[in-house]
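Written out below as structure tokens is the structure these notes cover.
The values are calculated or read from the model by the stated rules, or taken from the named source; none is laboratory data. Bear in mind that the values here come from a model prediction, so they are computed numbers and not experimental data. FYI the Cβ positions are ideal-geometry reconstructions off the backbone, even for glycines, and counts take in every protein chain you see. Only protein heavy atoms, including side chains, enter the accessible area calculation; ligands, DNA and RNA are left aside. Shrake-Rupley method; radii C 1.70, N 1.55, O 1.52, S 1.80 Å.
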Amino acid sequence: MPAQLLERGALLDQLRRELAGARRGQGRLVFVIGEAGIGKTALLQAFRSQAEGAAAVLWGNCDSVVPARPFAPVADIAVQVGGALRRALDTADRDRTFEAFLELLRGTGRTTVVVIEDLHWADDSTLDLLRVVGRRVWRLPALLIGSYRDDEVAAEHPLRIATGELPSTVTSRLEVPPLSLNAVSMLAADTDIDAVALRAASAGNAFYVTEVIANPTEGVPLTVRDAVLARAVRLSPTARQLLRLAAVLGPRFDRRLLEAVQPDGSDALRECVEHGMLRVEHDSVAFRHELAQQAILQALHEAVRLDLHGHVLAVLRSRPSADPGELARHALAAGDGPSVLEFAPRAARHTAALGSHRQASEHYAAALRYSSLLADREHADLLELYARECQLTDQVASAVASQRAALEIWRLLQDRLREGDCLRAMAHMLWLDGQGEHALATAQLAVSLLENLPEQGIELARAYAALAQRLDIARMGEDGLQLARRGLELAERLGAEPVAVHALTTIGVHLMYTGKPDGLSTLSEAARRAEAAGLFEDATRALINVVQRARDARDYVTVEQYAQEVLPLIERHDLDVHHRILLVDLAEVDFERGRWQEADRQLGEVLEQPGTAGLIRARGLTVLGRMMARRGDEQARSVLDAARRLTDGAEAGSERVAFLHLARTEAAWLAGNLPLASSEATELMQSLAGWAATETSTDWERGEFGFWAWKAELMETLPPDSAEPYLLHARGRHREAAAAWASVGCPYQQGLALADSSDEADLRKALEMFQGLGAKPMTRRVVKLLEEHGARAIPRGPRATTRANPVGLTERELEVLRYLVRGEQNTAIARHLVLSRRTVDHHVSTILRKLGATNRREAARMAVQAGAAVAAEDGWPAGER
């Protein structure tokens, strides 16, 4: 075995086993992980040399350049295979790229191995491809291997999120360990190097070790950079110059580009390869390790680095097929402002078309560094393009600032048409930033300005649709509906499908919230038209509105159905802001259904992101604070205070302000502070004065707001048009109310209804439910009530089901696990729980991972051994447990 592959035999054996499974048609996705320099590439190259006789091996790399090249590893592979994959990339057709890649994996009777290195640098499009392939690879004759540095992939890293969504049943992780002292001693045997000191200084990193051993006279360098530069010094001047050019080109690059940049460099390239600095693979050249490239790049004098990037840029300009992202990167590194302005916007448009909106915003940001070179009109256009990409990726503060800067320019130029259109777009950004009243006023100003222009075109249609959306969100009824219809009529007359879809969605939302029978069909039509026109942001808006309406109506079956429809759209098209909105919506549903662990996870995914928009963050904090209050967490009040700060300046009668007062009322009541609860309920009822009385408020909303005002002793009775479970509770029909809540699927409210009963059996049932949820304040209240009733043998601890769930399965996962114990297959489980098959697949994978089980049968056996977590479900025969 080669020196650099000492202690890697077990890993090679595992890769060979994975390949054998793929050859049987049982595809797998394997992640090879470890720190930079640990030996991942050497391991994969050794495996490739063994696998090439049995399979077609394709190789691609993600690059460390910023912004990342969209589909960078796929582009590498397309160079090797050409055909449909190459054509799809050339036309920037995202969906065709996915299909062409999958067709490549399906093969023509031969197993395919795809290696993608450095996934920690992957762009959004590549990560989306990983998701798509990961869900299908199990039925393909293919082995997909991805390597990444686990020490660079934090919890919120996009790769961590992407891999967490893949089915664990088809994925495995191989961790490349550091070299042991024994291995280092073997490598250093023919040198005077102290192996113990080297092992300590390098921590067993294979690259560090081999670099130092290659320079034995250097002793143990303090940094790898010293070792790399020491080796480079021994090269001829021509080879050193080529190495500097290579460092500027990146860790991996096209050999033909290197030849174009240094035409007489064939001998120098051979020298660099012979000295172990570079390696040639097919038509590409790569550093033996990217740390070497970084070391050489950092050692370059700034003037030299600028000159080299400028030279590369000049060569790339002469190549008609040059990647605009590469042109923009070298222009920026060369400090060539005019070239940045030429290529960065082009690169941004290209990456946005492929769904990589974060990278598009980075390209526009690069161009804006040189905005002083632009005419005012070009500058304003660029600011609006940047704002748009920031909005899509939930960089809302940056979006608002950029849009406002563009507005000032349009006003300076006295271009009323562009000013009005800019105001229209800014209204939505302000709403996302939590400035609801300002957003509404801005949308009204846009309509007023554009209506007074002599020509009424697409800009006015867009403004009508935008204002209609703002009015509908503010629950301002018929005004919004009429504006939306005017916008739809004008847009269809002009053939402006994006505007027509936007207006139609607002109409559908209004119809749904006013209980009209054609609301759902209107939203479905809007989503269909949006997808057909490639308007994926509008399609997700329509579908998310269905989810939100179903959530508000406690129709959780519809929530599950449409959430599963919209999630793939969001993932494929890099719509971060919509993803976070949906996550908060689903967290709220899980909160109401008693799945608090799952709600915690989803809220954490949103709230841990520093750039989350104020509107989304405020709603997430409201749900989190309410859940913490039900758990008895002392920090609940501070979380709700943070949500309140984010709503400062929001419209007083808005839905989100009302829900915040609702949460604060409940939290004060649970804390036993009735005066504070009454005060919060007073603000709650004042905030409802505007929209709760309109036809767009629902019986569930009126019931919930009235219920907590009643609990706070601010109201004697509930509004008569409240939802039935609330009315039954307030009228003292506690068991009927509990049954109604059980049929809806809200266990906490079910427990609240029983907790107000005077019957001991009802109180015991309520206690059991609150203990199972971990609802400490209500647990204490019910225990006190039972003691006042003279009850004996009051349970004091958690249920057996909770004790038997040490791995933290969510309530939904426990439901799925119970069916696994019964031997049900995923299709049947999906039918029982009214879920999609894909959702059940995801839950089963998560259960296996949490239990540490390798298959369904083992998970079921472990669950039965654990005890009551699955056996205590009422109505299940013992033989089926």
Per the 1/(1 + (r/R0)^6) rule, R0 = 25 Å and r from the Cβ atoms of Arg96 and Gln564, FRET efficiency to 0.05 is 0.55
Relative to the chain, whose Cα atoms define the longest principal axis, helix 856-866 and its Cα axis are tilted in degrees, nearest 10, by 50
Lys784 to Ala441: extension gain in nm, 0.36 nm per residue of separation minus the Cα-Cα distance? 118.3 nm
What FRET efficiency, computed as 1/(1 + (r/R0)^6) with R0 = 35 Å and r the Cβ-Cβ distance, is obtained for Glu716 and Ile794, rounded to the nearest 0.05? 0.60
Residue (of Thr91, Ser172, Tyr364) at the positive-pole extreme of the chain, dipole from beta-carbon charges: Ser172
Computed magnitude of the charge dipole of the range 7-99 (debye, nearest 20; Cβ of K, R +1, Cβ of D, E -1): 280
Mind jotting down the distance between the C-alpha centroids of the range 67-106 and the range 311-336, whole Å? 22
For the chain, what is the accessible area per residue in Å², given a 1.4 Å probe and the full set of protein chains? 40
Taking the range 136-207, which GluC sites (Glu not before Pro) meet the DSSP loop condition and have no more than 16 other C-beta atoms within 10 Å? Glu156, Glu165
Once label points are set 7 Å from the Cα along Cα→Cβ at both Gln298 and Asp555, what is their separation, rounded to one decimal in nm? 5.9
Looking at the range 566-659, which chymotrypsin sites (Phe, Trp or Tyr not before Pro) are DSSP coil and have at most 16 other C-beta atoms within 10 Å of their C-beta? none
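In percent, how large is the relative contact order of the range 213-343, given Cα pairs closer than 8 Å and 6 or more residues apart?
Values: 134 pairs, mean separation 29.8, N = 131.
Relative contact order, the range 213-343: 23 percent.
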Whole angstrom only: what separates the Cα centroid of the range 530-608 from the Cα centroid of the range 379-425? 28
Taking r as the C-beta separation of Ser638 and Arg528 and R0 as 41 Å, the FRET efficiency to the nearest 0.05 is 0.35
Indicate the gyration tensor shape class of the range 196-351 (rounded, prolate or oblate), computed on the Cα atoms with a ≥ b ≥ c the square roots of the eigenvalues: a/c under 1.5 is rounded; otherwise a/b larger than b/c is prolate and the rest oblate. prolate
Packing rank of 781-793, 335-347, 6-18, where each peptide gets the mean count of other beta carbons within 10 Å, highest leading: 335-347, 6-18, 781-793
Which one, Ala260, Val114, Leu242, is farthest towards the positive end of the dipole of the chain when Lys and Arg carry +1 and Asp and Glu -1 on their Cβ? Val114
Counting only protein heavy atoms and using a 1.4 Å probe, what share of the accessible area of the range 1-89 belongs to carbon plus sulfur, as a whole percent? 49
Using Cα atoms only, what is the angle between the long axis of helix 636-646 and the major principal axis of the chain, expressed in degrees (0 to 90) to the nearest 10? 80
So what's the angle, to the nearest 10 degrees on a 0 to 90 scale, between helix 674-688 and the longest Cα principal axis of the chain? 80
Using +1 on the beta carbon of Lys and Arg, -1 on that of Asp and Glu, and nothing else charged, what's the dipole of the chain about the Cα centre, debye to 20? 2260
Shape call for the range 357-450, from the Cα gyration tensor axes a ≥ b ≥ c (a/c under 1.5 means rounded, otherwise prolate when a/b beats b/c, else oblate), comes out oblate
Could you tell me the relative contact order of the range 699-765? Use alpha-carbon pairs under 8 Å, at least six residues apart, and round to a whole percent. 22
For the chain, whose charge dipole is built from +1 on Lys and Arg Cβ atoms and -1 on Asp and Glu Cβ atoms, the candidate among Ser318, Gly790, Phe659 with its Cα farthest towards the positive end is Gly790
Distance in nm between label sites at Asp479 and Leu417, each 7 Å beyond Cα in the beta-carbon direction? 2.9
The percentage of the accessible area of the range 487-611 (probe 1.4 Å, all protein chains present) made up of carbon and sulfur atoms, to the nearest whole number, is 50
Quick calc: nm separation of the 7 Å Cα→Cβ label points for Gln45 and Ala314 -> 3.4
Cross-link reach from Lys765 to lysines, straight Cα distance under 22 Å and at least 8 residues apart if same chain, gives Lys711, Lys776, Lys784
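Identify the GluC sites (Glu not before Pro) of the range 584-645 meeting these criteria: DSSP loop state and at most 11 other C-beta atoms within 10 Å of the C-beta.
Numbers: sites: Glu588, Glu592, Glu598, Glu605, Glu608, Glu634; in loops: Glu608, Glu634.
In loop regions of the range 584-645 (DSSP not H, G, I, E or B), the sparsely surrounded GluC sites (Glu not before Pro) are Glu608, Glu634.
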Shape call for the range 1-118 from the C-alpha gyration tensor, a ≥ b ≥ c root eigenvalues: rounded (a/c under 1.5), prolate (a/b greater than b/c) or oblate? oblate
Kindly provide the helix-only [θ] at 222 nm of the chain, computed as the sum of -39,500 (n - 2.57) over DSSP H runs of four or more divided by all residues, to the nearest 500 deg cm²/dmol? -20500 deg cm²/dmol
Roughly how many Å is it from the Cα centre of the range 460-520 to that of the range 236-307, as a whole number? 58
